[in-house]
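Trainee: Got a structure for you, questions after.
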Amino acid sequence: MTILYPYFAFAKKSFLGRSAYRFNHFMGILNTILRIFIFWEIYRALYGGRTEVDGITITMVGTNFILSLGLDAVFFVNDYYLPNRIQDGSIATEMLLPVSFHGRMLADNLGNALFQLLFHFVPAVAVSVIFIGIAAPADPLMLLLFLLSALFGYGVLWTISFAVQMLSFWIINVWSVMTIKNVFINVLSGSMIPLWFMPDWMNGVIRFTPFSSIYFMPVQIYLGQLSLPEILQGFLLQLFWIVFLFFVGMLLWKKGQKKLVVQGG
């Protein structure tokens with residue numbers, strides 16, 4: 001616990017820091033609610049009064065948006081944690097601190113994610129459930145497995161960002177790379193377009209990328225669409241991507257340190 005104490009302190013600092021900006025907090029809740037309602041109205045119009053299309057009910061679609069966009073609000077990842085420190089030169093000092101830089105990155109993000117979960121996810125989802133409705137979890141076991149899969153999904157999302165941030169050692173402005181990364185996540189994770197509506201061949205490819213492991217797999221578990229063997233396979237796939245992407249990020253970190261040129265500070 002003594003080893004972990006500094007990271008708890010960093011997480012607490014980021015948690016308390018978010019509470020200082022109340023206007024941004026309320027606008028974030030409003031943004032999530034509006035996104036859910038906009039997507040809901042678009043798909044309700046596409047359904048044209050029908051309750052089911054190709055076995056996918058409108059309730060399933062609404063549940064997907066509420067859970068996916070709600071989790072998107074919780075899964076706070078600071079894509080510019082490392083790039084900002086390279087640009088202002090503070091990375092040189094932080095690399096000398098007696099704590100893991102990567103541990104600080106994760107702790108900072110977890111503190112923000114916890115704040116988002118308590119004060120963003122809960123009110124936004126509550127409003128959405130009241131006005132749209134949500135399917136009940138298939139059973140209590142699936143609800144627990146949904147929460148575990150969502151935790152792994154956050155791990156996948158964080159390690160994707162972690163690996164991409166390492167490119168800032170070679171690219172001065174990583175904004176364009178981050179934008180491309182976020183487009184892939186938004187489109188291929190199932191949050192904007194449920195993967196049920198993707199062509200079969202594309203769906204088969206997407207399911208073996210890290211993107212579907214972030215939001216869509218937890219939603220499928222919640223709805224009871226996956227058997228226990230399929231859930232176990234999905235967990236193993238999520239863990240594979242977490243380990244693989246972290247390994248890639250660490251490899252780039254080690255190579256990037258040798259090319260580091262401090263531009264400020």
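The values are calculated or read from the model by the stated rules, or taken from the named source; none is laboratory data. All figures in this text were calculated on a predicted structure; none of them were measured in a lab. Using ideal geometry, Cβ is built from the backbone for each residue, glycine included, and neighbour counts are taken over all protein chains shown. In case anyone asks, the SASA skips ligands and DNA or RNA and just uses the protein heavy atoms, side chains included. Shrake-Rupley method; radii C 1.70, N 1.55, O 1.52, S 1.80 Å.
Trainee: Using a Cα-Cα cut-off of under 24 Å, which lysines could be cross-linked to Lys13, ignoring same-chain neighbours fewer than 8 residues away?
Mentor: Partners found: none.
Trainee: Using a 1.4 angstrom probe on heavy atoms only, work out the carbon and sulfur share of the accessible area of the chain in %.
Mentor: 71 percent
Trainee: Right, next: Restricting attention to the alpha-carbon atoms of the chain, what are Rg (one decimal) and Dmax (integer), both in Å?
Mentor: So, for the chain, Rg and Dmax equal 19.5, 62 Å respectively.
Trainee: Also, I was wondering about something else. Please work out the Cα center distance from segment 1-53 to segment 95-136, rounded to the nearest Å.
Mentor: Centre-to-centre (Cα) distance: 8 Å.
Trainee: Where does the chain land at 222 nm, in deg cm²/dmol rounded to the nearest 500, when only DSSP H runs of n ≥ 4 count, each adding -39500 (n - 2.57), divided by all residues?
Mentor: Taking each H run of at least 4 residues, the total per residue is -22500 deg cm²/dmol.
Trainee: Which number do you get for Rg(Cα) / (2.2 N^0.38 Å) in segment 25-131?
Mentor: Values: Rg = 19.1 Å, N = 107, 2.2 N^0.38 = 13.0 Å.
Compactness ratio reported: 1.47.
Trainee: Considering only Tyr43, Tyr154, Tyr222, give the residue with the highest GNM mean-square fluctuation for the chain, with springs between Cα atoms whenever their separation is below 10 Å.
Mentor: Tyr43
Trainee: Roughly how many debye, to the nearest 20, is the charge dipole of the chain about its Cα centre, given +1 on each Lys and Arg Cβ, -1 on each Asp and Glu Cβ, and no other charges? Walk me through the numbers on the way to the answer.
Mentor: Working: 15 positive and 11 negative charges, 169 e Å.
Approximately 820 debye in magnitude.
Trainee: Which residue fluctuates most in the GNM of the chain (Cα springs below 10 Å): Val74, Val53, Val164?
Mentor: The residue that fluctuates most here is Val53.
Trainee: Looking at the calculated P(r) for segment 148-248, what percent of the C-alpha pair distances fall above 22 Å?
Mentor: Everything past 22 Å amounts to 30 percent.
Trainee: In the Gaussian network model of the chain, springs joining C-alpha atoms below 10 Å, which of Gly249, Gly70, Gly48 carries the largest mean-square fluctuation?
Mentor: Gly48
Trainee: Given a 1.4 Å probe, how much area per residue of the chain is accessible, in Å²?
Mentor: 52 Å²
Trainee: Could you give the length gained on full extension between Thr93 and Leu30, defined as 0.36 nm per residue of separation minus the Cα-Cα distance, in nm?
Mentor: Stretched out fully, the Thr93 to Leu30 stretch lengthens by 18.9 nm.
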